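S.K.: My questions all concern the structure below.
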Amino acid sequence: MTESANPSVYAASDRAAALQQLRQSLAQRPPRLLIDGVWRPALSAQTLEVDDPATGEPIARIAAGDSGDIDLAVAAARRAFREGPWPRLPASRRAAALFALADAIERRQQEFALLESLDAGHSLMSIVNGDLPLGLRSLRDYAGWATKIAGEVPMRSADQRGMDYFLREPIGVAAIVTPWNAPFLMVLQKLAAALAAGCTVVIKPAELAPLSALYIGELCDEAGIPAGVVNIVTGTGVAAGQALAEHPDVNLISFTGSTQVGQSIMAAAARSNLKRVVLELGGKSPAMVFADADLDKAATAIVGEIAFKSGQYCAAGSRVYVQASVHAPLLEKMHAAMQRIRIGAGYADGTDMGPMISDAQRRRAQDLIDHSLAAGARVLRGGHARSGPGYFFEPTLIADARADMRVAQEEIFAPVLCVTPFADDAGLSEVAALANDSRYGLSAKLWARDIGTVHGLIGLLETGQVIVNGGGGEATLPFGGVKQSGYGRENGHVGLSAFTEIKSVRLGY
Ligand code: NAD
């Protein structure tokens, strides 16, 4: 179990052959849902096309599930929860199944990497060094937590009779609704937490990149997870996602996606049965660079992060604030780093940055940029799509983006950085005010060596995460946002607790 794959396992020629084989097998796959251990078409028999964002060409068809399929899937998950073995198994058996699932995925990691690259467009390198090892680490971490879920016996006074304690029980049927920007990782980390807790699940993956979820589903049986525990309904957000959010027999919905849909899910949860919600939503994260920072490292990392997934990364630092005295050199270094980005199909040799997920997403980015230019911002590099097939967008540097402009306030979800200087003598509270000037609060990046600056700002930032001097996601550290970036946290025992419910007990004497 290495938890880190090596992309060189694919010589270019092997990769081409594997890709061709994968395309053939995808073209032949019947569009199916997984309900109660059986793969079957949607009740409506409708299907949806899935495209390769690097070419815009179709690669597969998926079943277009709707509320009828969701009803069947939730009923199967409820039966498996009430009557099936999964919640009643010794926790070590659930742990063993999760470890087996991780091993099964790892055995097919090259196929998963290619599949994810083909489906979501990301560079193989970003998947092999990011999503794949993170997903496997999350799965194994949660396998370990399965045997450590415990209630408590509160301290009591000597004259107290009887006994008080509380139990932690699985919450029941958990719905998992995921976005297209990290489909494999999002599905796996939610699934791992839910299964470790003893829940049964219905997964509704993003319709734009649903394939890795289906492949994970195929390995559940092999890993020893009983029928009905994991159900997968593909389909659109409106037809399948909303039916899950409104379903009266779902106990929790763990959602990652846009703030707008998060709000509608919360409203549906309130309207239906007050199901619990965990919401991992959008972001517009600040990156603050101080004059004493390692500028080369900062420039490379900030540009690398916005190129990672073509800017379609919720925690990416897309608003850059830089101390005035290093503004010019930092811009120069960032510009140079952007020039070095090799753009191409995610699965092609040497690609650093793949396409965006869809033309609609790309047009939205263009619209936001054009709007800011009309309002007085300046494009220093990029600012437009690449011509030709696929949904490619030029890495973009924008200056003079005032805080009230849409480009500085809205999540663009494209490889676009807005860079703004702050005065050399600005106090920490002034810098924090710039960083906090957002309805989002997911992540903040800080580049500084002075320990007083670092600690001072950490205390002032309104975000769920602060990354100091580089580093990305970590599967075992709680992750989530404040403000309109959502609430609840994923990862580790904090993430696990969302999938449990507390039952307090008083034993009389
Ligand atoms: P989205 O909100 O459009 O869709 C996410 C999922 O919700 C999809 O499966 C979609 O089909 C479903 N959905 C759509 N409408 C629905 C409805 N009315 N009811 C129920 N489900 C519905 O998001 P997206 O465009 O797929 O993903 C991009 C967004 O995800 C960005 O805003 C990004 O910041 C966010 N994101 C957040 C995190 C995080 O951890 N905070 C991580 C990744 C992505």
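The values are calculated or read from the model by the stated rules, or taken from the named source; none is laboratory data. Keep in mind that this is a model prediction, so the values were computed, not measured. No Cβ is skipped: glycine too gets one built from the backbone with ideal geometry, and neighbour counts run over all protein chains shown. Quick note on the areas: whole protein, heavy atoms, side chains included, nothing else; ligands and nucleic acids left out. Shrake-Rupley method; radii C 1.70, N 1.55, O 1.52, S 1.80 Å.
S.K.: Restricting to the chain, compute how many DSSP beta bridges are antiparallel as a %, nearest 5.
M.R.: Looking only at bridges with both residues in the chain, the antiparallel portion is about 40 percent.
S.K.: Counting Lys +1, Arg +1, Asp -1, Glu -1, what net charge surrounds Ala307 among other residues with beta carbon under 13 Å of its beta carbon?
M.R.: Taking every other residue near Ala307 into account, the sum is +1.
S.K.: With viscosity set to 1.306 mPa s at 10 °C, what whole-number translational diffusion coefficient in µm²/s follows for segment 347-394 from Stokes-Einstein and a Kirkwood radius over Cα pairs?
M.R.: Values: Rh = 11.9 Å.
D, rounded to a whole number, is 134 µm²/s.
S.K.: Over the C-alpha atoms of the chain, what are the Rg and the largest Cα-to-Cα span, Dmax, in Å?
M.R.: That works out to 23.4, 80 Å for Rg and Dmax.
S.K.: Express the Stokes-Einstein translational diffusion coefficient of segment 28-103 in µm² s⁻¹, to the nearest whole number, given a Kirkwood radius over alpha-carbon pairs, 20 °C and a viscosity of 1.002 mPa s.
M.R.: It comes out at roughly 144 µm²/s.
S.K.: Right, another one. How large is Rg/Rh for segment 384-509, to two decimals, with Cα atoms and a Kirkwood Rh?
M.R.: On the way: Rg = 19.8 Å, Rh = 17.8 Å.
Expressed as Rg/Rh, it is 1.11.
S.K.: How do Met155, Met163 rank by accessible surface area computed with a 1.4 Å probe, from largest to smallest?
M.R.: Working: Met155 190, Met163 75 Å².
Result of the area sort, largest leading: Met155, Met163.
S.K.: Can you work out the Karplus-derived ³J(HN,Hα) for every residue in segment 104-112? Use 6.51 cos²θ - 1.76 cosθ + 1.60 with θ = phi - 60°, whole Hz, and x for glycine or proline.
M.R.: Residue by residue, segment 104-112 yields 5, 5, 5, 4, 10, 5, 5, 5, 4 Hz.
S.K.: Give the Rg/Rh ratio for segment 142-201, taking Rg as the radius of gyration of the Cα atoms and Rh as the Kirkwood radius, to two decimals.
M.R.: Rounded to two decimals, Rg over Rh is 1.22.
S.K.: Taking a threshold of 26 Å on the Cα-Cα distance, which of the pairs Lys275/Lys503; Lys284/Lys309; Lys204/Lys445; Lys148/Lys445; Lys190/Lys333; Lys148/Lys483 fall above it?
M.R.: Working: Lys275/Lys503 17 Å; Lys284/Lys309 15 Å; Lys204/Lys445 32 Å; Lys148/Lys445 33 Å; Lys190/Lys333 38 Å; Lys148/Lys483 31 Å.
Over 26 Å Cα-Cα: Lys204/Lys445; Lys148/Lys445; Lys190/Lys333; Lys148/Lys483.
S.K.: Right, here's the next one. Quick one: how many Å² of His335 are accessible to a 1.4 Å probe, rounded to 10?
M.R.: For His335, the solvent-accessible surface is approximately 60 Å².
S.K.: Here's a follow-up. Given H placed on each backbone N at 1.01 Å, which residues far from His122 in sequence or on other chains put an amide H within less than 5 Å of it?
M.R.: Long-range HN contacts for His122: none found.
S.K.: What's the long-distance tail for segment 285-475, i.e. % of Cα pairs beyond 24 Å?
M.R.: Of the Cα pairs, 34 percent sit more than 24 Å apart.
S.K.: Could you work out the pair-distance distribution P(r) of segment 184-230 from its alpha-carbon pairs, with 10 angstrom bin width and percents rounded to whole numbers?
M.R.: 25, 63, 12
S.K.: Under a plain spin-label model, where a point goes 7 Å from the Cα along Cα-to-Cβ, how far apart in nm are Glu501 and Ala158?
M.R.: 4.0 nm
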